Amino acid sequence: MDAVNTSDPLPSAEAQLRAAPPHALVATAGRLLADRVGAQEVILLLADYSLSVLQPVSHLPHTGSPVPAQDGPAGSAFVAQSPVVEVLRERAGHLVHLPITVRGDRLGILTVWLPAGAADPDTVLQLSEFATALGHEVATAGRDTDLYLQARRTRRLTLAAEMQWQLLPGRGCARAEYTIGAHLEPAYAIGGDNFDWSTSADHLVLTVTDGMGQGIEASLLTSLTVGALRNARRAGVGLADQASLADQAVFAQYGGKAYASTLLLRFDLATGRVAAVDAGSPQLFRQRDGHTERIALVAQLPLGMFEETLYEEQTFQVEPGDRLIVVSTGVHDTRSAAGDAFGEQALRQVLSATRPSPPHETARAVVAGMIEHFGSSELMSDAAVVCLDWTGRPAAEAGRPDHGL
């Protein structure tokens, strides 16, 4: 936002956002934009856990009346991830709806009411940059205040869901080589399903875990599993050893009475070579050149089922333009009221229909199709979907040296 007045001796907008108290980011943003672009109102809307609505952040009771996350001007900006300028008729001016996204994780929308004639392209571009800066501060402020987490809720989370959402890295991640979008349902009562990822200079590790059981028992099991996988990954061991160490941790706690199905993937960002360990039931699909195929991996034992299980890696290749989709048991085994399984054929139809959509929307649409098949908005089992679009690294950069796991 410095471009609005480069001679302004005051601290930059980003610096003033960083200096604001965690709970006062919206008020600070409103004051800054009023001073710099004449904004008459500034509203921060955050996507709720089910991605169905965008909820305004306020002081009490922490949120205002929601707007649709898939329709209308704000919803269109959220889905398309591009600014939408709305012309006001009853009051002079424009509403500019700006996506707030942090490293590929969609948080919500910043809506700015500008006077008539003020929504020129340069101003909209500057507002987009401001929205990104605000998003980073909101993500950081979440460590110190509950305000933004409370604002995301249309109702109370179960304790198991609270634990699971705190365990997640986010709902998306993006780099030049890939874009990830992910979704969980039932969002307000999720128990055992989880996704996790970690990226470095030359690799991406992605896991999808389905802890057996429901509610708090499943959440505790999954928390232990994900913690053990992260601990092994951060120790620098290979993918198969990560699975083995997590297997030992879960078996030591539960003695084989509870276990977690997990798919582990490690991408070489330079070559597109993927190492995989299939330790259970999550299924992996690839879309390439208009075709959808299931990648058949050798099924190995879930983590924690038996003591000191040894795991082996398999490899496959991804190419620029590929899309990978991982679905948990709750997706491919969901049954309707009549007992009909959602099944691979229905899943393939949804995946084909959503191929032009970005990964975030595809992940959400798969779960929406499953809910429609189930016939109720409240699923009986957890469902996780992770969608990854692979771009790959340009050939000129592919020869860079490896800088760690």
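The values are calculated or read from the model by the stated rules, or taken from the named source; none is laboratory data. Just so you know, these numbers come straight off a predicted model, no measurement behind them. Reconstructed Cβ throughout: ideal geometry from the backbone, glycine too, with neighbour counts over all protein chains shown. Heads up: the accessible areas ignore ligands, DNA and RNA and are worked out on the full protein's heavy atoms, side chains in. Shrake-Rupley method; radii C 1.70, N 1.55, O 1.52, S 1.80 Å.
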Original post:
In a GNM of the chain with a 10 Å cut-off on Cα contacts, which of HIS291, HIS97, HIS183 has the highest mean-square fluctuation?
Top reply: HIS291
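Taking only DSSP H segments of four or more residues, each worth -39500 (n - 2.57), what value at 222 nm results for the chain once the sum is divided by all its residues, to the nearest 500 deg cm²/dmol?
On the way: 11 runs with 131 residues, N = 405.
Calculated mean residue ellipticity at 222 nm is -10000 deg cm²/dmol.
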Subject >> Which label in (1) 22.3, 69; (2) 26.3, 85; (3) 20.8, 64 gives the computed Rg and Dmax of the Cα atoms in Å >> reply: (1)
**OP:** Please sort by residue number the chymotrypsin sites (Phe, Trp or Tyr not before Pro) in the stretch 210-273 whose DSSP state is loop and whose Cβ has at most 16 other Cβ atoms within 10 Å.
**Re:** none
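Based on the Cβ-Cβ distance from PHE306 to SER200, what FRET efficiency comes out when R0 is 22 Å, to the nearest 0.05? It would help to have the intermediate numbers written out before the result.
Values: r = 31 Å, r/R0 = 1.43.
The value I calculate is 0.10.
Please report the carbon-and-sulfur percent of the accessible area for the stretch 105-263; probe 1.4 Å, protein heavy atoms only, DNA, RNA and ligands left out.
Numbers: 3000 of 5840 Å².
In the stretch 105-263, the share of accessible area belonging to carbon and sulfur is 51 percent.
Remind me, relative contact order of the stretch 207-338 in percent, using alpha carbon pairs under 8 angstrom and six or more residues apart? Before the final figure, lay out the partial values.
Values: 258 pairs, mean separation 36.6, N = 132.
Computed over the stretch 207-338, the figure is 28 percent.
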Subject >> Mean separation of Cα contacts under 8 Å (6+ apart) over length of the chain, as relative contact order % >> reply: 14
**OP:** For the chain, find the longest principal axis of its Cα atoms and tell me its angle to the long axis of helix 343-353, 0 to 90°, nearest 10.
**Re:** 30
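Quick one: if the Förster radius is 30 Å, what FRET efficiency do GLU41 and HIS136 give, using the C-beta to C-beta distance and rounding to 0.05? Kindly include the intermediate steps, with their values, before the conclusion.
On the way: r = 22 Å, r/R0 = 0.75.
E(calc), rounded to 0.05, equals 0.85.
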Subject >> Max mean-square fluctuation residue, GNM over the chain, Cα-Cα springs under 10 Å, options SER65, SER128, SER76 >> reply: SER65
**OP:** Express in whole angstrom the spacing between the alpha-carbon centres of the stretch 92-107 and the stretch 65-85.
**Re:** 8
**OP:** Quote the FRET efficiency, to the nearest 0.05, computed for SER12 versus ALA80 with a Förster distance R0 of 25 Å and r equal to the Cβ-Cβ distance.
**Re:** 0.30
**OP:** Can you grab the distance from the C-alpha centre of the stretch 152-213 to the C-alpha centre of the stretch 277-314, Å, no decimals?
**Re:** 19
Original post:
Which whole-number percent gives the relative contact order of the stretch 112-218, counting Cα pairs below 8 Å spaced six or more residues apart?
Top reply: 19
**OP:** Quick one: accessible surface of SER12, probe radius 1.4 Å, all protein chains present, in square angstrom to the nearest 10.
**Re:** 30
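Whole number in Å², please: accessible area per residue of the chain, 1.4 Å probe, ligands, DNA and RNA not counted. Before the final figure, lay out each step's value.
Working: 17560 Å² over 405 residues.
Dividing the accessible area of the chain by its residue count gives 43 Å².
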Original post:
Given labels modelled 7 Å from the Cα in the Cβ direction, how far is it in nm from ALA116 to ILE216?
Top reply: 6.0
Original post:
Most fluctuating residue of ASP144, ASP268, ASP71 in a GNM of the chain with Cα springs under 10 Å: which is it?
Top reply: ASP144
Original post:
Using θ = phi - 60° and the Karplus form 6.51 cos²θ - 1.76 cosθ + 1.60, what ³J(HN,Hα) does each residue of the stretch 291-300 get, whole Hz, x for Gly and Pro?
Top reply: 10, 10, 9, 8, 7, 7, 9, 5, 6, 10
